[in-house]
Structure formats: C-alpha cells, structure tokens
Amino acid sequence: MMGEHRADFPADRSYARNHMWAQPWPQPESGEPDSGSYRFGLTSYAVRLLQDVYFLDWIVEANTAVKERQEIGSIESKKAESDLFAPVAGDLVAINDEALEDPSIINVDPYGDGWLFQITPSDSISPLLSLPDYLLHLESAWEVAQRTIKGQANTND
C-alpha cells in the first residue's frame, strides 16, 4: 500500500531502485529464442507519484550503447518533470513508439503496453532487485517520499 492507494508489483519481473520494472523479452513462453534482452517500464509506485503522465522524450535512439545510470530521456506529468536513467548498462535496442506518441498509456497499463524501452545488458543484471528486495527498498523510499511531501525531508521527526 502507498498510503491509502494500492500499488501492484508483478512477481514475474525484476525491479530497479529507480522504480522501473524489468522483464525478459521476448517472454520465455513465446517460443522465440532468448535474446537476453529486457523490457523496462515504470512501476505503479512511480506512476502513482507522477500522476497523469502526459509527455515522454528520449535523448538517445534505439541501437545505442548506454551506461548504467546514464540519462536517456525525460518524462512529464501533472506532478513533476523527471529525468529517466538507464537501470543497467547495455545496448538500448528498442523504444516503445506507442508510449512516445501517447504517454497516457503509461498511466493505464504500466506493466503492459506502457513499457518504455528494451535493453540487452552488456554484463549481468546485478543492479536489479528481486520483488522482495524491491519491496524493502520501496518501504524506505516511501518513508522518504512522505517526509518530502510533508516538507519534512530535513527533519529527524
């Protein structure tokens, strides 16, 4: 729960500390060979904090090598403008053109059609967290977010 709002996190994915999910792509059951790639998108936690995403922009193109934590784009919503960073190093092999054309799809289906980009990692995906580890990270992030929202980020209360 995020206060009074429920946030869902599919168990078939890994998660990044920057509140993105990662899912092997193509899906193993699809019958296609494993490409070693992952699709990434914003978690319901991130979407809830942003509220009403309406603009998405990329400063990198598909088929570009990216470093972990490299700025790759930005997102704007009713609540904030935020930079987007690569959760892992590798080759950014695809960008979701549908989300670029209509970013509101991120609000409606963050774990499906609202995916953002696909990366083939150059190394391991070790920066990614299991669902239980992400939930622990989220718990601490939620406490910080609440203090920030209440203007208490620099207090010890």
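Quick check: residue separation of Tyr54 and Ser74 times 0.36 nm, minus the Cα distance between them. What number comes out in nm?
Result: 6.1 nm gained on full extension.
With each pseudo-label sitting 7 Å past Cα toward Cβ, what's the Ser104-Ser130 distance in nm, one decimal?
Inter-label distance under the simple model: 4.0 nm.
Multiply the residue gap between Thr64 and Arg147 by 0.36 nm, knock off their C-alpha separation, and tell me the result in nm, one decimal place.
Difference between extended and current length: 26.1 nm.
So how far apart, in nm, are the two label points at Ala11 and Asp97 if each is 7 Å from Cα heading toward Cβ?
3.7
What does the extension gain come out to for Glu139 and Asp123, with contour length at 0.36 nm per residue minus their alpha carbon separation?
Length gained between Glu139 and Asp123: 2.9 nm.
We did not get these values from a lab; they are worked out from the coordinates using the rules stated. Because the structure is a prediction, the values reported are computed rather than measured. Cβ atoms come from the backbone with ideal geometry, glycine included; neighbour counts cover every protein chain shown.
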